[in-house]
Amino acid sequence: MFSGWFAGLKRGLAAPAGRVVRLLRPSLPRGLRLSAPRRVPELSSFVARTNTCGELRSSHVGQEVTLCGWIQYRRQNIFLVLRDFQGLVQVLIPQDESAASVKKILCEAPVESVVQVSGIVVSRPPGQENPKMPTGEIEVKVKTAELLNPCKKLPFEVKDFMKKTEALRLQYRYLDLRSFQMQYNLRLRSQMVMKMREYLCNLHGFVDVETPTLFKRTPGGAKEFVVPSREPGKFYSLPQSPQQFKQLLMVGGLDRYFQVARCYRDEGSKPDRQPEFTQIDIEMSFVDQTGIRSLIEGLLQHSWPRDKGPVQAPFPAMAFAEALATYGTDKPDTRFGMKIVDISDVFRNTEVGFLQDALSKPQGTVKAMCIPEGAKYLKRKDIESIRKFAADHFDQEVLPVFLKANRNWNAPVAKLVMEEQGLGLMRRMENQEEDMVLLTAGEHKKACTLLGKLRLECADLLEARGVLLRDPALFSFLWVVDFPLFLPKEENPGELEAAHHPFTAPHPSDIHLLHTEPEKVRSQHYDLVLNGSEIGGGSVRIHDAQLQRYILETLLKEDVTLLSHLLQALDHGAPPHGGIALGLDRLICLVTGAPSIRDVIAFPKSFRGQDLMSNAPDFIPPEDLKPYHIQVSWPTDKETEKNPL
């Protein structure tokens, strides 16, 4: 029932680790404690009600209570179910003549109307208890009732959470928020953030500092939203993150900074991305990446919901190069196998044309991946879809190889592979008879990335056929480290760009390569991955002004005047420092199992970055633009951009 989630939530969040104080008492009837000396939250203080709907139990029998909530449904004008944020309770509508006015209110009020009722808590008649309902042993015999606000006809039923289109849910978000799932998601989010604050501020001395939202353009990175000012031609930019400010706070001696930070990126929405989002932003002085990683592991242990199982630390770590070679991605889902294997040596003397061509090139390799029971569960159309994906997106051939002798799906090339190197392939891949091998050849990174994409696609296909590969109850954390400091620009491979951001410090062992082979320099960057999604990223920062200027000006060809304030600060006694940011929306999305981060944000933007409830963004009259000295240049049919004049 509706209140089941709240009962689970009350059982608490993750048990603390190490010297963290115990926060919860499982025997509490309601509410949560943040630490042992604190009181249970009074959920009915300062308001008209005496109790919440979801808290009433047999122990309340005989008490007179006042409840406020929404009418969930009504049955035969005898009972109605009243709902509030904590749960449901059955209300007995009076049938006698003396209470005709009360009956009229409760019987005529539409579903989802807001009412206030007062009455006596009584036990339900024997045999009429509802064991599926936390309040199922009792009901409230109403004496008085007041209709606080009637509800018009609803665009959808609030209780049918998953049967509405997302567009309709976003258009009527204030109704969607009443649903069980949204209430659970937002309350769990609030609990986890509160526990994070306690861990950082109360237990480890972090200072919660708000940083500006109106800032200036930052070189590199994602596109930024611009905000006009009253000075002609001058604009603010909304920060992608508080990156520069938190480094400046370290220069200012704050030592340990923390913020639940709002961040902005002017890019299209994706299932795990929004134009405005929230991150848990952290920076520390005199720290290395081991210290940051230990801090985050403790933070997640402390704030993790107890009903999701304990978080085991330390988290395993994997170098970027190994993640790419083994999983084809820098954010691997380690809940299942299907690892990529280099089998170049098996085919050194092959007569198979496309394998021979690939291996004749300087960085040519042959890669393979085993799909467990692929021959049993995958269909011909699946195989064709896989090959088409490889051709369309990577311009590369993928060869499915079936090992089962009576499976007549092998193409002539695959048959040749089996005749030529079948035994060697089976030994290397450790195949079973029902397995299928996907084989490709080409440049190392390209071949691995392709198989990494197909690994996830094949996992989807197998799970659609009933094979459980990725346990939804398992949370697999992984640190990915030793990223490259620079990457070649896509539009101009002869130039470099920062792999993450230009303030990341180079790996101490590779600093000598900065002046000779910068493309080989590793960084002191680290990503935190959970179940194949990046939920956090950070680095040890450059605290030497000369090194920072060299990287910006010489290697990245950036305009250093945009960062003159930061360079000056680094020249005035900046301590060594590092930090990290956790994507709060994405983290809560994974914890709750929500299909999109839009399901864990109270008022998100749509897939196209629009607010369907208020129709933002909206037009502004020309006279309102005049103080900002800008005009709208309307695009022609062939144009898609708006250019300020």
*Counting only heavy atoms of protein chains, what accessible area per residue, in Å², does the chain have with a probe of 1.4 Å?*
49
*Would you mind counting up the charge near LEU299? Only other residues with Cβ under 11 Å from its Cβ, with Lys and Arg at +1 and Asp and Glu at -1.*
+1
*From the square roots a ≥ b ≥ c of the eigenvalues of the alpha-carbon gyration tensor of region 260-385, which class results: rounded (a/c under 1.5), prolate (a/b over b/c), or oblate?*
prolate
*Work out, step by step, the length gained on full extension between GLU267 and LEU214: first 0.36 nm times the residue separation, then minus their alpha carbon distance; give nm to one decimal.*
17.2 nm
*With only Lys, Arg, Asp and Glu charged, each at its Cβ (+1 for the first two, -1 for the last two), find how big the charge dipole of region 189-343 is about the Cα centre; round to the nearest 20 debye.*
360
*Which distance in nm do the two modelled labels at SER190 and VAL413 give, with both placed 7 Å along the Cα-to-Cβ direction?*
5.8
_Spacing of the two label points (7 Å from each Cα toward its C-beta) at LYS223 and SER98, in nm_ = 7.1
*Each residue of region 347-360 in turn: what ³J(HN,Hα) in whole Hz from Karplus with 6.51, -1.76, 1.60 and θ = phi - 60°, glycine and Pro shown as x?*
10, 4, 10, 5, 9, 6, x, 5, 6, 4, 4, 5, 6, 6
_Protection proxy ranking, peptides 608-614, 69-75, 258-264, 85-91, average beta carbon neighbours within 10 Å, highest first_ = 85-91, 258-264, 69-75, 608-614
*Per-residue [θ]222 nm for the chain (sum of -39500 (n - 2.57) over DSSP H runs n ≥ 4, rounded to 500)*: -7500 deg cm²/dmol
*Evaluate E = 1/(1 + (r/R0)^6) for ASP345 and GLU490, where r is the Cβ-Cβ distance and R0 equals 35 Å; express this FRET efficiency to the nearest 0.05.*
0.65
_Quick check of the Kirkwood formula: for the chain, what is the inverse mean of 1/r over all pairs of different Cα atoms, in Å?_
29.0
*May I ask you to give the percent of accessible area on the chain that is carbon plus sulfur, with a probe radius of 1.4 Å?*
52
*Using alpha carbons only, how many degrees (0 to 90, rounded to 10) separate the axis of helix 412-429 from the longest principal axis of the chain?*
80
*Calculated FRET value between ILE78 and ASP611, using beta carbons and R₀ = 41 Å, to 0.05*: 0.45
*Report the relative contact order of the chain, percent, no decimals, based on alpha-carbon pairs under 8 angstrom and at least 6 residues apart.*
13
*What angle, in degrees between 0 and 90 and rounded to the nearest 10, separates the Cα long axis of helix 289-303 from the longest principal axis of the Cα atoms of the chain?*
20
*Is the shape of region 318-473 rounded, prolate or oblate, going by the alpha carbon gyration tensor and its root eigenvalues a ≥ b ≥ c, with a/c under 1.5 for rounded and a/b larger than b/c for prolate?*
oblate
*Between region 123-159 and region 449-491, the alpha-carbon center distance in angstrom*: 46
*Between ASP544 and SER360, take the C-beta separation as r, use R0 = 51 Å, and let me know the FRET efficiency to the nearest 0.05.*
0.65
*Give, in nm to one decimal, the length gained when the segment between ALA602 and GLU231 is fully stretched (0.36 nm per residue of separation minus the Cα-Cα distance).*
130.1 nm
*Which value, in debye to the nearest 20, gives the size of the charge dipole of the chain about its Cα centre, when Lys and Arg are +1 and Asp and Glu are -1 at the Cβ?*
2440
*Please identify which residues in region 60-98 have an amide N closer than 11 Å to a label point set 7 Å out from the Cα of LYS132, following the Cα→Cβ vector.*
none
_Please compute the modelled spin-label separation between SER58 and LEU513, points set 7 Å along Cα→Cβ, answer in nm with one decimal._
7.0
*Label point 7 Å out from SER123 along Cα-to-Cβ: which residues of region 55-98 have amide N under 14 Å?*
57-63
*Looking at region 576-633, which chymotrypsin sites (Phe, Trp or Tyr not before Pro) are in a loop (DSSP not H, G, I, E or B) and have at most 14 other Cβ atoms within 10 Å?*
PHE619
*Fully extended, how many nm does the chain gain between GLU457 and GLN181 (0.36 nm per residue separation, minus their Cα-Cα distance)?*
96.6 nm
_Positive-pole candidate from GLY69, PRO310, GLN191, dipole of the chain, charges at beta carbon_ = GLY69
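The values are calculated or read from the model by the stated rules, or taken from the named source; none is laboratory data. Here the structure is a predicted model, which means the values were calculated and not measured. Neighbour counts run over all protein chains shown; Cβ positions are idealised from the backbone, glycine included. To get the accessible areas, we keep the full protein, side chains included, count just its heavy atoms, and leave off ligands, DNA and RNA. Shrake-Rupley method; radii C 1.70, N 1.55, O 1.52, S 1.80 Å.
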